[in-house]
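Every read-out reported here was derived from the displayed coordinates using simple, explicitly stated rules and does not represent laboratory data. Here the structure is a predicted model, which is why all the values come from computation and not from measurement. Note that we place each Cβ from the backbone using ideal geometry, even for glycine, and neighbour counts take in every protein chain shown.
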C-alpha cells in the first residue's frame, strides 16, 4: 500500500534521506518525523501493545499517547511522531517478533477474547508457576536496554527569566507578547516544532481576525521575538515543583527555570474516542490527523470517516478534503472500527459498514490538567468543558501567588477569549514579575 | 482481524470491560481503580485515558463527574532521560534584551 | 452503603498492608467480626507508595528474624490469597565502597547466617556476574542474599482486601477515626465519621499517622514520619535480576515485574513530617547516582516520581503489642521496612487478639523499650 501520493506535494519537507525500518530502507525527508515518513510509505503498524499485542500506530501525533514507540539507533521507546528522520537512521520494531506488522505473539489477542486479568490467573498448576513467571517477565517491558553502555549525561541549564509562559498557542503567545512589550524578560516553552498550537490548523481566515491561523501565529511569535522574548520550540514544560521551580525538556537537555511569574497556557488535548477497536492503526485523533497534514504534509489516508459533530468535525472534514482526502461520511458515533492490522472499514450502530482507511475522531477536547494541579491551583468543575479548570480572576491570576492561567487550559471557549485572557494574564504577570525582583 | 475491544488505556491495554468489572467488584474510586487495573500507569501517565475513565465511572456510579476527583499528576509530564537529570547545572546567559 | 454496626469484636485503624493483613490473618481463623477503617482510598499510605523490596539482610537479630520468616510467607502468598503478588527472589546485592563498609558487611552477613539467612560476602567480580551492567569503579566489595527479592506492593494489598471482603470483614474507605473513648485500662469505643462503634480490641495500624491516632487516647509515640522519594522509569525487557543497594549513597534500584526500574535514594537533610510532595533535588541526586552505577540507563526515561513516608522509630524496629491500654495494640513503626515484615508483625498481632502464644516474642517490640535506661540497638541498614 506504499504510495508517494500520501505526501502533499507543496509541503516543505527538506532534502530526501533514507532510514531503515527493521533493516529495510525507507524513503524519508529530513523535516519529516519518522512516524510521518513511515506512514507515507504505507507502514502503519509501528508497535504491538503491551498485554494483547494488538497492532498500534500513530494516534495523537503529539508525543503524548505512546502508541508509536519504536527503537531508534539503539535507543528504546522513542516516539516516532516526534523525532525527525535522519540519513541512515535505524528504526526497529519493539515488543514484537519478527516485526510489528507480523508479530507471532499477536495470538494473545486472539486467545484471550474475553479479556485477561493477570491478578488471579497463572496460579495453577503450581509446578508451572515458575514457568509462567519466566514468560510473563519476558513479555512485560517494552524496549530493550539501550545498545550503548556509555553514560550520556547532559548539562542542566538554569534560566532566570522574569516571566515564564508554558505553551505558545494563541493565549500563550498573546501573554508573552504583552509581558515582553512591558519590558520583562520572558521565556516561552512550546512542545511543538512551531509556535501557534491549534492556530496552525485554522487555515481559513479566523473569525474576528484578518488572517488565517498560521499567519496569526507567525505574527504573534514575531511580536514576542521583537520584544526580546525567548521562544523555545520542541521544549515541553515537564514539571512544576512545589517550591516554584519549573523544568522543561529541550532537545539538548533539561531546563531548570526559576521565575517569579508563571503563566500556564498549555491548552487542551483531544479526548480519545470510545468504540470497538478504537486502537487500530489508522484511527487518529482530530489533532493527530491535522498535525500529520499540516506539520508533516502527509495525508492520513485516501478515504476517511470523521467521527464527531459540530465545528470540530467540520474543521477536520474541511482540512482533509482540502488536502485531497475523500471524506466518506461524518457521523456522530460508530460502533466499531474494523481491520486486521489497520482500519479497513467502520461499522455503524445500524450495522451498516463503510469502507475507509482512516478514522478521525473529533470527540472533543479537555484542558490539560497536570501543570495546573502541580502548581497547586484551586480548581472548579466546568460543566461546559466537562473537566476541572483552575479558578482565575479577571487578570488570569490563579489561587497560587505567582501563577496565572489563560486560554483553553483555563476553560476558554473560543479564540477571541483565549487571546484576550492571554493579554490580560501577560500584562498582570509583567507587573508582578518585575516587582518580585 | 483484531478481537473487538474498546481500549480505554492504550498504554497498559485496559479495556472498558475490564474497568467496568473492576468497578463492579468495588474498586470504584479513581485512585484505587488506577492501581487495580493499571490504567494511567503507563508511559502516557493518564493523558489519554483519565478523562474517559472518569466519564465512564460517573456513568456507572450514577455520580456527577465533578465529585470523582482526579489522579495525582506527578513529575515528569513527558518522560525525561535519566542522563538529562544527571548533568551538572550551568547558568544560561539571559537572552539579549535588545531585539536583533 | 450500609451503616456501621453498633459493635465489632475488633476495630483496625488503617487499611494498608498491616491493617488488611491483620484482618486477613484473623478472618482466616474464623475471627471475622472485624471493622477496618481507612481515611482515604486503598492503598493511600506507604503500602501504595513503596518500592516492593523484601530482604532479610538486616543488622539486628529482631529485624533479621522478622524478615526471614516474612519471606517464607511471601513465597506462598500468591497461592494462599489466590491473587498474584509477583514475588521474585532475585536477591539483594549490597555494594561497598570503603574497607569499613566491607568489614561491616562481613560482620553483618555472619550475623545473618547465624540467624538462618543465606547471605554472603561477594567481591566485585562476582557482583559483576550477578548484575552485568553495573559500573563497579570504586566498589571494593559487597554482600548478596539470593532469597531476598521484590514483590508488587499493591497486589498484596488488593489480595488481602479481596479475601477479607469474601470472608465477611467490614472494610470502609473514606471513613475517618475522630476519637476514642476509654474506660479504666481499656479503649471501649471508636468514634468515626460514619458513626460510633463499641469494640473489644483496637489496633493502631495507621503507619505515618499512628502518633495522631495514639494521641486520641493520650498516648505519645516516638515515631516520626520522614519523607522518602522514589521514581520509576519506562518498562524495559528484563536485564537486572537483583535489587542493587549502594551503601555509600543509600541508593537502591531494582527492575520490577513490569520491567520498570524502581529506584530511591535518601536525603539526609529530610525533616520529619508527612510530606508526599516531589522535589527536583531528589530527581537530580538519584539520576546522578543511578547513571553512575548503571550507565546504560542514561537514555532510559523517568516516567514518574512520587513519595511516601517511612514511619521511623528511634531504633528502626517496629512497635507491637499493647501500649497505654491493655486492648490498644500497636502495629506500626517499621521504619521503611513495614511492608516486607508485615507477614510476621500481622501474625504476631493476630496471635495477641486470638489469645495465642505469639509466633515470635512480642516483648522486644513493645513501646516500653524506649523507656529503659539502656537504649535498644539501632538497625543500621535502613536504605533509600
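Considering only A:394, A:304, A:170, the mean-square fluctuation computed in a Gaussian network model of chain A, springs between alpha carbons under 10 angstrom, is largest for A:394. Within the stretch C:228-317, the proportion of Cα pairs with more than 17 Å between them is 49 percent. With the convex hull drawn over the C-alpha atoms of chain B, the volume per residue is 206 Å³. The angle separating the long axis of helix A:415-435 from the principal Cα axis of greatest extent in chain A is about 60 degrees. Exposure proxy ranking for A:199, C:367, A:116, A:128, based on other Cβ atoms within 10 angstrom of each Cβ and starting from the fewest, stands as A:128, A:116, C:367, A:199.
Its relative contact order, with pairs defined as Cα atoms under 8 Å and 6+ residues apart, puts the stretch A:310-386 at 19 percent. Distance from the alpha carbon centroid of the stretch A:192-237 to that of the stretch C:276-293 works out to 36 angstrom. Normalising by residue count, the stretch A:339-437 has a Cα convex hull of 162 Å³ per residue. Taken over the Cα atoms of the protein assembly as shown, the convex hull encloses 170 Å³ per residue. Relative to the longest principal axis of the Cα atoms of chain C, helix C:61-81 runs at roughly 80 degrees.
Identify which of A:422, A:308, A:141 has the largest mean-square fluctuation in a Gaussian network model of chain A, with springs joining Cα atoms closer than 10 Å. Looking only at A:422, A:308, A:141, the largest GNM fluctuation is found for A:141. Modelled spin-label separation between residue A:110 and residue A:391, with each label point placed 7 Å from Cα along the Cα-to-Cβ direction: 5.7 nm. Contact order, relative form, for the stretch C:158-256: 13 percent (alpha carbon pairs under 8 Å, 6 or more residues apart, mean separation divided by residue count). Quickly work out the residue A:333-to-residue A:24 label distance, labels modelled 7 Å from Cα along the C-beta direction, and quote it in nm with one decimal. Modelled inter-label distance: 3.9 nm.
Note the angle between two axes, namely the Cα long axis of helix B:16-25 and the longest principal axis of the Cα atoms of chain B, as a number of degrees from 0 to 90, rounded to the nearest 10. For helix B:16-25, the angle is close to 70 degrees. In angstrom, the C-alpha Rg and Dmax of the stretch B:7-51 are 9.3, 27.
With coordinates expressed along the principal axes, the C-alpha atoms belonging to the stretch C:251-304 extend over 34, 23, 16 Å, beginning with the largest. For the pair residue B:89 and residue C:366, a Förster radius of 35 Å applied to the C-beta separation gives a FRET efficiency near 0.15, rounded to the nearest 0.05.
Counted over chain C with a bin width of 10 Å, the fraction of Cα pairs per bin, in whole percents, is 5, 24, 33, 24, 11, 3, 0. If a/c stays under 1.5 just call it rounded; otherwise compare a/b with b/c (prolate if a/b is bigger, oblate if not). Do that for the stretch B:30-85, with a ≥ b ≥ c from the square roots of the Cα gyration tensor eigenvalues. Judged from the Cα gyration tensor, the stretch B:30-85 comes out prolate (a/c at least 1.5, a/b above b/c). Sorted fewest first by neighbouring Cβ atoms within 10 angstrom, C:228, A:39, C:115, B:20 come out as B:20, C:115, C:228, A:39.
Here the stretch C:125-228 is described by how far its Cα atoms reach on the three principal axes: 63, 36, 23 Å, from widest to narrowest. Cα-based radius of gyration for the stretch A:36-182, normalised by 2.2 N^0.38 Å, reads 1.45.
Over all directions, how big on average is the projection of the convex hull of the alpha-carbon atoms in the stretch C:25-117, in square nanometres? For the stretch C:25-117, averaging the hull's shadow over all directions gives 8.6 nm². Using a ≥ b ≥ c from the Cα gyration tensor of the stretch C:338-384 (square roots of the eigenvalues), is it rounded, prolate or oblate, where a/c under 1.5 gives rounded and otherwise the larger of a/b and b/c decides, a/b for prolate? Oblate, because a/c is 1.5 or more while a/b does not exceed b/c.
The spread of Cα positions in the stretch C:171-242, taken along each principal axis and listed from longest to shortest, comes to 58, 28, 19 Å. Shape call for the stretch A:204-293 from the C-alpha gyration tensor, a ≥ b ≥ c root eigenvalues: rounded (a/c under 1.5), prolate (a/b greater than b/c) or oblate? Cα axes put the stretch A:204-293 in the oblate bin.
Across chain A, Cα-Cα pairs more than 35 Å apart make up 34 percent of the total. Where in the stretch C:1-28 does the label zone of residue C:185 land, with the point 7 angstrom along Cα→C-beta and an amide N cut-off under 15 Å? Backbone N within reach: none found. Sorting C:148, C:311, A:73 by the number of Cβ atoms found within 10 Å of their own Cβ, with the fewest placed first, yields A:73, C:148, C:311.
Relative contact order for chain C: what percent, with Cα pairs under 8 Å and sequence separation of 6 or more? Relative CO of chain C lands at 22 percent.
Result for chain A in a Gaussian network model with C-alpha springs under 10 Å: among A:383, A:420, A:86, the largest mean-square fluctuation is at A:383. DSSP bridge analysis restricted to chain A gives an antiparallel fraction near 55%, rounded to the nearest 5.
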